[in-house]
Amino acid sequence: MDRPDQTLPAGAQAVPAAKRGGSGRDALVGGICGAVVVLMVGASYAAVPFYNWFCRATGFNGTTQVATAAPSSAPLARRIAVRFDSNVAGGLPWKFEPEKTEIEVAIGEVVTVYYTVTNQSARTTMAQAAYNVSPLTSGAYFQKINCFCFTEQTMAPGETREMPVVFYVDPAITADHENDSLKTITLSYTFYPVRDAPKPVAAGEPDKPRGSL
């Protein structure tokens, strides 16, 4: 049965079916491209914390580990030298150095060493230390129990402070034959400025009322 003629309004033109289909495909492709962009942006933000987690979990790139307690077994007879390196990034007026540049420790022995930090400026400053060990393969076995690098450090003008690092070399390193010839591990820190600390209220300034009683 013939379909009745469909009359278009005056001046209107019929849109070819192929063109209508093309518009639908363009919208679909545009939607897919938008979704891909969103996923890529999300992945870029997730990459940094994932990379940090991966380094902490594996010791990749010389990242040290964080231990909550000393090893349960007694220290081993094998000993290893640990060297200490210190650096200060530009713009931070601090003097930063280890009290000892090298010590020898037994593998599995818990050791405490100290770095000395002095704020050489006339203002309060804040900084945080980045760290790694070398050779990079030793990062998975260098266990820190306590370290000043875990938190931001605030130093008053002219203040000098001793900052401890408590660590041990994990006995599991003896099972890693890649480190059979390892004689020395270097622990390196670099302090980077965080921001200027808020200026304290002048001591002679009276307290201002916080509101009506």
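The values are calculated or read from the model by the stated rules, or taken from the named source; none is laboratory data. Just so it is clear, the model here is predicted, and its values are computed rather than measured. With ligands, DNA and RNA removed, areas are computed over all heavy atoms of the protein, side chains included. Shrake-Rupley method; radii C 1.70, N 1.55, O 1.52, S 1.80 Å.
In the range 172-181, which residues are of a type in the set (A, V, I, L, M, F, W, C) and open to solvent by 20 Å² or more (accessible area, probe 1.4 Å)?
Initially, the range 172-181 is screened for residues of a type in the set (A, V, I, L, M, F, W, C), giving 172-173, 175.
If the condition is that a residue be of a type in the set (A, V, I, L, M, F, W, C) and open to solvent by 20 Å² or more (accessible area, probe 1.4 Å), then A172, A175 are the ones that fit.
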Residue satisfying all of: in the range 147-171; at pLDDT below 95 and hydrophobic (A, V, I, L, M, F, W, C); most open to solvent (accessible area, probe 1.4 Å) among these: F150
